[in-house]
Amino acid sequence: MSALITFEGCEGVGKSTQIQKLATWLRERGQDVLITREPGGSAIAESIRRILLDGKNTAMTAECEALLYAAARVQHLKEIVQPALERGATVLCDRYVHSSLAYQGYGRGLGTEYVRSVNAYALENFMPDCTVFFDLPPELGFARKKGADADDRMETAGLAFHDRVYAGYLAQKAMFPDTFEVVDANGTIDEIFERVLAVLDKHGLIG
Ligand code: TYD
């Protein structure tokens, strides 16, 4: 069944583990599944990712950052995601526009209107069928991953920044009431996975 499911969360919430587990689960049930990620997922978008995350790029403005994330997103959408959806795949994408709303809109303080309009222009409002937000405060996420990666421009932006990002995520439940699902990311891998399945089942997305 063709569907776009995106996954969101602060650093270290365990998104990739859950995405891998879900892909295995869906494939065992005969579904064509594509796992991909943002920023990146295609050669051009991966090049943009390197610019965005390079710890040496300290002079990058918030506006440049938001536009580069949107540029990587539209390239990845047109080159990878939409063709996969057209052939009937279930696409599991690690991050999407909700990351930009949280990180650039709230974290960098650009505001959600700015980020929404930049992305609406780039994406022509193409939105996922469901977004799973793994809810874990940044303090706990960084503790799980044993601190920020020293070379990563976003991870090293400071705890106050990541606290704003977290608040920006929580605010999105009200912005996207039909598709933005909050999943408690406290618990064992299996417990969290059961919560993910329950949410996707509610949306009719797992068969
Ligand atoms: P990612 O590789 O998913 O990091 P992680 O493995 O920690 O989840 O994403 C790279 C970083 O880019 C991450 O710090 C979040 C940030 N980001 C934004 O700030 N805006 C965006 O639109 C996206 C997609 C990611």
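Details
- For the chain, DSSP calls about 5 percent of its internal beta bridges antiparallel.
- For the stretch 52-125 and the stretch 1-23, distance of Cα centres in Å: 16 Å
- Average accessible surface area per residue within the chain, 1.4 Å rolling probe, Å²: 44 Å²
- A Stokes-Einstein calculation at 4 °C with viscosity 1.567 mPa s, built on the Kirkwood radius of the chain over Cα pairs, returns a diffusion coefficient of 75 µm²/s.
- Given R0 = 25 Å, the distance between the Cβ atoms of Asn57 and Asp163 translates into a calculated FRET efficiency of 0.65.
- Sites matching trypsin sites (Lys or Arg not before Pro) across the stretch 162-204 that sit in DSSP coil, with at most 10 neighbouring C-beta atoms within 10 Å: none
- Calculated FRET value between Leu67 and Lys173, using beta carbons and R₀ = 25 Å, to 0.05: 0.40
- With every protein chain in place, the stretch 76-157: carbon and sulfur % of accessible area (1.4 Å): 51 percent
The values are calculated or read from the model by the stated rules, or taken from the named source; none is laboratory data. The structure presented is a predicted model; accordingly, all values stated were derived computationally and were not measured. All Cβ positions, even for glycine, are placed from backbone atoms using ideal geometry, and neighbour counts span all protein chains on display. All accessible areas refer to the heavy atoms of the entire protein, side chains included, with ligands and DNA or RNA removed. Shrake-Rupley method; radii C 1.70, N 1.55, O 1.52, S 1.80 Å.
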